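Participant: Before we start, here is the structure in question, set down as structure tokens.
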Amino acid sequence: MIRVPCPHCGDRDETEFHYGGEAGVAYPADPSALDDAAWASYLFVRSNPRGWLRERWFHGAGCRRWFNLERHTVTDEIRSPSEMRPQ
Amino acid sequence: MTADVLALRRSPLHGTGFGLAAPGLTMAEEPFRSLVEVRSPAAPAGELVWRLGPDWWLVDGPPAPVVALEVPLAGELRAAGGVATDVSAHRTTLVLTGPHAATLIAHGCPIDLSIVPVGGCVQGTLAGAQVALGRTGPDSLRVYVRAAFARHLATWLSDAATPYVE
Ligand SMILES: [Zn+2]
């Protein structure tokens, strides 16, 4: 169990959240112009670093807001939470 | 006609016998409260208003035979772009009082309630059920639980309260 710092509610147990994957993956501007490989890349290919990763989290059992944070994928350290702005 | 409808109403804990009156802990259901969720930057007017999250409020009022709070609240909020929705049937309300009330909740809730001031509210999980917890006094808490989880939570609370029944 890790403790996730919600920018609105403070530190809460991981079980209150949904994980939203890597942050900053923009929806393609013109999806119909992509070939299959480019579409598959958008859907499935992520940076998957061994280290710091910007992620999206959703506080489903609390304030029900999406936000971003940075998590270290090896140590589970978490830093710099910031609210996810709608694009 | 209206009276007949009210007589047919059954709270989620109807028939469970939920309730406790011990020296350091009381528990009771307050069924059929008028509950309205409000989306608005500023707090809406009301006797019991809880902040659920950013721009998100829960207004708690006495039981009423009709949807009583939604329309006046929606009228007040409209100018500022706020909305109000009656959610009375969404949850039931459990009231816990006494010096053991917060301790009892701590058995199944990882949130530190000691940092919640009087008038403050937190949402989280209690015994696995999603709840809103509002503090109305140093030793009194209101627990808003979804109707479908109410029996589970009432059973859990009654069991967890065993050490405080003298
Ligand atoms: Zn939150």
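The values are calculated or read from the model by the stated rules, or taken from the named source; none is laboratory data. These numbers come from a predicted model, not from an experiment. Counting neighbours? That spans all protein chains shown, and the Cβs are built from the backbone with ideal geometry, glycine included. In case anyone asks, the SASA skips ligands and DNA or RNA and just uses the protein heavy atoms, side chains included. Shrake-Rupley method; radii C 1.70, N 1.55, O 1.52, S 1.80 Å.
Participant: Out of (1) closer than 22 Å to A:D76 by Cα; (2) over 16 Å from the mean Cα position of the chain (by Cα); (3) open to solvent by 70 Å² or more (accessible area, probe 1.4 Å), what's the single condition that is false for A:S32?
Facilitator: Failed condition: (1).
Participant: Does B:G134 meet the test of being in contact with a Ser or Thr (Cβ under 8 Å, 6 or more places away or on another chain) and surrounded by 15 or more Cβ atoms within 10 Å (Cβ to Cβ)?
Facilitator: no
Participant: Considering only residues of the stretch B:124-154 that are under 21 Å from A:D11 (Cα atoms) and touching a residue at least 60 places away in the same chain (Cβ under 8 Å), which is farthest from the other protein chains (Cβ to nearest Cβ)?
Facilitator: Restricting to residues being under 21 Å from A:D11 (Cα atoms) and touching a residue at least 60 places away in the same chain (Cβ under 8 Å), the top hit is B:G134.
Participant: May I pose another question? Does the stretch A:50-57 contain at least one residue that is open to solvent by less than 30 Å² (accessible area, probe 1.4 Å) and either within 14 Å of the ligand (Cβ to nearest atom) or within 28 Å of B:W57 (Cα to Cα) (or both)?
Facilitator: Looking for residues that are open to solvent by less than 30 Å² (accessible area, probe 1.4 Å) and either within 14 Å of the ligand (Cβ to nearest atom) or within 28 Å of B:W57 (Cα to Cα) (or both), one finds at least one in the stretch A:50-57, hence yes.
Participant: Conditions first: (1) touching a residue at least 60 places away in the same chain (Cβ under 8 Å); (2) open to solvent by 40 Å² or more (accessible area, probe 1.4 Å); (3) within 14 Å of chain B (Cβ to nearest Cβ). A:F67 passes all but one, so which condition is the exception?
Facilitator: With respect to (1) touching a residue at least 60 places away in the same chain (Cβ under 8 Å); (2) open to solvent by 40 Å² or more (accessible area, probe 1.4 Å); (3) within 14 Å of chain B (Cβ to nearest Cβ), A:F67 is out only on (2).
Participant: Mind checking which residues of the stretch B:149-166 are surrounded by fewer than 21 Cβ atoms within 10 Å (Cβ to Cβ) and in contact with a Pro (Cβ under 8 Å, 6 or more places away or on another chain)?
Facilitator: Result: B:R151, B:E166.
Each row is one residue, and each column tells you yes or no for (1) within 14 Å of chain B (Cβ to nearest Cβ); (2) more than 30 Å from B:R51 (Cβ to Cβ); (3) in contact with a helix residue (DSSP H, G or I) (Cβ under 9 Å, 6 or more places away or on another chain).
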residue	(1), (2), (3)
A:D13	yes, no, no
A:G20	no, no, no
A:V25	no, yes, yes
A:D30	no, yes, no
A:G51	no, yes, no
A:R56	no, no, no
A:V74	no, yes, no
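Conditions (1) outside any helix (DSSP H, G or I); (2) open to solvent by 50 Å² or more (accessible area, probe 1.4 Å); (3) within 18 Å of B:T136 (Cα to Cα), marked per residue:
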{"residue": "B:A7", "(1), (2), (3)": "no, yes, no"}
{"residue": "B:P12", "(1), (2), (3)": "yes, no, no"}
{"residue": "B:V66", "(1), (2), (3)": "yes, yes, no"}
{"residue": "B:V71", "(1), (2), (3)": "no, yes, no"}
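Participant: Output the number of residues of the stretch A:1-42 satisfying the condition of being in a helix (DSSP H, G or I) and away from the ligand (no atom under 14 Å from the Cβ).
Facilitator: Of the residues in the stretch A:1-42, 10 are in a helix (DSSP H, G or I) and away from the ligand (no atom under 14 Å from the Cβ).
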